[in-house]
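Inspection log for the structure reproduced underneath, given as structure tokens.
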Amino acid sequence: MTSRDPRVPDWQALELSKTWADELDLARPSGLWRFLRSIFGQRRQVVVDAGHDLFRAIPKYALQEFHNLPNGNYSSRIARGYITGFDRAMLGSMHRIRQEIAERVTDAKAVLDIGTGGGKLAAAVQSVGVADVWGADVSPYLLKHAATDNPGVSFIQAPAEDLPFTDQRFDAVVVSFLFHEMPPKYVKQALAEAHRVLRPGGCLLIAEPSENQLLPVKLASLLTAKGWRHWYFKSLASRVYEPFVMAWHKQNKPAMFAEAGFELLQHRDEIPINFYSLKKRSTT
């Protein structure tokens with residue numbers, strides 16, 4: 001941590017307003033119905049405390065009910081359920097990719113996890129011995145849970161496209177399942193920001209959903225573990241609301257990374273995760 005780093009809020013002491021999703025009484029038929037209607041019904045803008053500084057800082061594109069979650073990522077109860085439920089739904093894939101990413105940055109002194117969510121990737125990075133680990137996200141509810149679960153990581157509220165860090169602050173930047181939830185122009189801005197805060201030669205590691213999971217599943221393949229996983233993740237992807245995911249899949253990723261100043265070192269596409277290892281190119 002340096003003197004020019006952003007201030008880390010006292011997330012433990014910070015009181016966040018309850019949203020309608022926190023007030024739902026799932027033991028009552030009316031509450032359960034409203035919960036299910038939000039999951040399976042038409043998506044809508046989330047309801048937040050517009051007068052609170054933490055909510056005024058949220059980009060408009062992020063104020064949606066991503067993943068069919070009631071009030072999106074802006075509810076203490078729903079955010080907690082998402083943190084645990086997402087890993088279960090991904091059948092261990094997220095745990096494995098987090099461990100791989102963490103092992104690739106063991107030599108780094110300072111690492112930033114952009115779109116940290118519940119902080120699990122940041123925690124994995126810290127667990128391999130990186131002393132200076134930061135996590136940034138736009139949801140104060142997710143951040144409060146992340147800080148509670150991982151007290152050794154510095155968590156701040158910040159969008160990926162506007163990071164409050166000085167140039168060349170980090171040795172590595174890691175991103176997990178974030179860019180497909182952003183409009184393309186903001187993804188490009190986020191890549192520019194990642195490039196700015198990385199030191200020369202620093203690495204950018206990205207894990208995003210594989211577009212190949214959307215391909216048709218051959219009936220005969222269902223008899224194999226690979227085919228069954230393909231069917232499962234295709235079904236999951238078709239039922240989860242993510243408004244910008246198809247725009248992400250259509251992007252020419254190598255060209256976009258090169259334009260942002262990165263050299264693509266490795267690309268691995270396995271259902272359900274696309275993995276990219278990149279290096280910040282030297283300007284000399």
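The values are calculated or read from the model by the stated rules, or taken from the named source; none is laboratory data. The shown structure was predicted, so the numbers you read here are calculated from the model rather than taken from an experiment. Methodologically, a virtual Cβ is constructed for each residue, glycine included, from the backbone with ideal geometry; neighbour enumeration extends over all protein chains shown.
Identify all residues within the stretch 67-82 that are surrounded by fewer than 19 Cβ atoms within 10 Å (Cβ to Cβ) and either under 16 Å from the mean Cα position of the chain (by Cα) or not in a helix (DSSP H, G or I) (or both); write none if there are none.
As a first pass, look at the stretch 67-82 and keep what is surrounded by fewer than 19 Cβ atoms within 10 Å (Cβ to Cβ): 67-68, 76-77, 80-81.
Answer for the stretch 67-82, where residues must be surrounded by fewer than 19 Cβ atoms within 10 Å (Cβ to Cβ) and either under 16 Å from the mean Cα position of the chain (by Cα) or not in a helix (DSSP H, G or I) (or both): His67, Asn68, Arg80, Gly81.
Return yes when Val245 is under 27 Å from Ala62 (Cα atoms), touching an Asp or Glu at 6+ places or on another chain (Cβ under 9 Å) and either among the aliphatic types (A, V, I, L, M) or outside the structural domain of Leu178 (by TED's automatic domain parsing) (or both) and no when it is not.
Working: under 27 Å from Ala62 (Cα atoms): yes; touching an Asp or Glu at 6+ places or on another chain (Cβ under 9 Å): yes; either among the aliphatic types (A, V, I, L, M) or outside the structural domain of Leu178 (by TED's automatic domain parsing) (or both): yes.
Yes.
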ask   = Do we have Ala237 as outside any loop (DSSP other than H, G, I, E, B), free of Cβ contacts under 8 Å to residues at least 40 places away in the same chain, within 24 Å of Gln99 (Cα to Cα) and of a type in the set (Gly, Ala, Ser) here?
value = yes
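Take the stretch 244-262 and flag every residue that is over 20 Å from Val197 (Cα atoms) and assigned to a loop (DSSP other than H, G, I, E, B). Outline the logic, then answer.
Just the residues of the stretch 244-262 that are over 20 Å from Val197 (Cα atoms), to begin with: 244-255.
Listed by number, the residues that qualify are Phe244, Gln251, Asn252.
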ask   = Can you tell me how many residues in the stretch 119-140 are in contact with a Leu (Cβ under 6 Å, 6 or more places away or on another chain) and closer than 23 Å to Gly72 by Cα?
value = 2
Meets criteria (assigned by TED's automatic domain parsing to the domain that holds Asp167, without any contact (Cβ under 8 Å) to a residue 24 or more places away in the chain and under 27 Å from His67 (Cα atoms)) for Pro209 = no
